[in-house]
Amino acid sequence: MTILLTNDDGIDSPGLAAARRALAQLGEVKVVAPLSARSCTGKSITIGRALRVVEARTLDGAPAQAVDGTPADAVMIALNALLKRRPRLLASGINLGSNIGLDDVLDSGTLGAAFEAAMRGIPSIAASYCMDGREPVEEDLREAGEVLRRVAEFVLKEGMPKGVDVISINVPQGFKLGSSPLRLTRISTKPRRSPYVRVEGGYAIKSWSLDLYPMDGEDTDVGAVKRGSLSITPISLKLPARRRGCEELLKALQA
């Protein structure tokens with residue numbers, strides 16, 4: 001059984017190492033991740049230059065391969081060139097920061113990697129640790145790794161739930177399995193506050209915290225995490241909206 005593991009924080013992220021250690025209990029983990037941090041790249045891919053693939057090691061010394069491109073680049077190159085057999089599962093993370101709300105879902109390289117694999121029929125999980133502007137806590141990463149392992153084990157045994165292409169996990173700081181609350185959530189559609197601040201020469205993102213996200217209902221990923229709950233969000237890639245009711249648009253074009 002092969003599990004493909006990637007992220008958007010780069011090959012030397014402690015979140016990637018925590019995910020690898022947890023998933024190694026389930027099967028062979030192949031790590032193919034960006035050479036350096038490529039956060040907020042969504043599902044973008046690299047054109048106009050050749051992408052290098054180099055032998056590397058994770059932060060805890062496990063063998064890996066690093067791609068000097070985006071998370072989506074890493075997934076496609078892994079599937080098409082590096083892996084000897086099709087993986088049973090794609091895991092992306094553990095991201096050092098939240099991926100909550102529609103803004104994050106569309107921006108996140110962590111989720112972009114999961115979408116890339118899911119589009120090719122591979123069950124995909126994106127895991128994020130909602131650290132709030134501080135250094136990652138090792139115990140929190142272990143808990144996040146155990147959550148990822150349990151979700152991955154379920155998917156490997158039972159398959160993805162019907163109609164679900166990606167499972168997005170957001171683990172709040174201080175979460176403890178067995179005592180902290182769990183929520184099955186939907187994506188919040190409230191836009192986050194702009195992270196840009198004025199700096200010399202223009203505008204830049206200086207920090208990122210949960211304060212950027214407006215409070216939402218307990219059934220949303222944002223609302224759950226801001227209340228200290230683990231958020232499990234099923235995502236479908238079926239983006240097209242219903243066509244019924246849009247007939248007048250065609251008529252206007254034909255007039």
_Among the candidates R49, R38, residue that is under 28 Å from D103 (Cβ atoms) and not β-branched (V, I, T)_ = R38
*Count of the range 220-244 residues which are surrounded by 13 or more Cβ atoms within 10 Å (Cβ to Cβ), part of a loop (DSSP other than H, G, I, E, B) and charged (D, E, K, R)*: 1
_Taking the condition of being hydrophobic (A, V, I, L, M, F, W, C) and under 20 Å from P191 (Cβ atoms), how many residues in the range 79-128 meet it?_
5
_Just checking, does the range 118-133 include any residue being among the acidic types (D, E) and within 14 Å of the chain's Cα centre (by Cα)?_
no
_Cβ-Cβ under 6 Å, sequence separation 6+ or interchain: first residue in the range 116-137 and at pLDDT 95 or above and surrounded by 23 or more Cβ atoms within 10 Å (Cβ to Cβ), partner among the hydroxyl-bearing types (S, T, Y) and outside any loop (DSSP other than H, G, I, E, B). Which pairs?_
A117/S124; A118/S124; A126/S92; A126/T110; A126/S168
*Inspect all residues belonging to the range 53-66 and state whether any of them is among the acidic types (D, E) and buried (at least 20 other Cβ atoms within 10 Å of the Cβ).*
no
*asked:* Going by what's in this entry, would F154 be described as without any contact (Cβ under 8 Å) to a residue 24 or more places away in the chain and hydrophobic (A, V, I, L, M, F, W, C)?
replied: yes
*Across the range 140-182, what is the number of residues that are in a helix (DSSP H, G or I) and either of a type in the set (V, I, T) or more than 19 Å from A24 (Cβ to Cβ) (or both)?*
5
*Selection status of S194, of a type in the set (S, T, N, Q) and surrounded by fewer than 19 Cβ atoms within 10 Å (Cβ to Cβ)*: yes
*Odd one out for V75, checked against (1) more than 30 Å from G159 (Cβ to Cβ); (2) outside any loop (DSSP other than H, G, I, E, B)*: (1)
_Count - residues of the range 19-48 that are closer than 16 Å to A74 by Cβ, in a loop (DSSP other than H, G, I, E, B) and of a type outside the set (A, V, I, L, M)_ = 9
*Conditions (1) at pLDDT 95 or above; (2) surrounded by fewer than 16 Cβ atoms within 10 Å (Cβ to Cβ); number of the one not met by E247*: (1)
*Search the range 5-26 for residues that are within 16 Å of Y129 (Cβ to Cβ) and pair each with any residue that is assigned to a helix (DSSP H, G or I) and acidic (D, E) when their beta-carbon atoms are under 7 Å apart and the residues are at least 6 apart or on different chains.*
A22/E146
*In the range 228-252, what residues are within 14 Å of L184 (Cβ to Cβ), out of contact with any Asp or Glu (no Cβ under 7 Å at 6 or more places or on another chain) and not hydroxyl-bearing (S, T, Y)?*
L230, I232, P234
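The values are calculated or read from the model by the stated rules, or taken from the named source; none is laboratory data. Predicted, not measured: the structure shown is a model, and the values here were computed from it. Here Cβ is always computed from backbone atoms with ideal geometry, including for glycine, and neighbour counts include all displayed protein chains.
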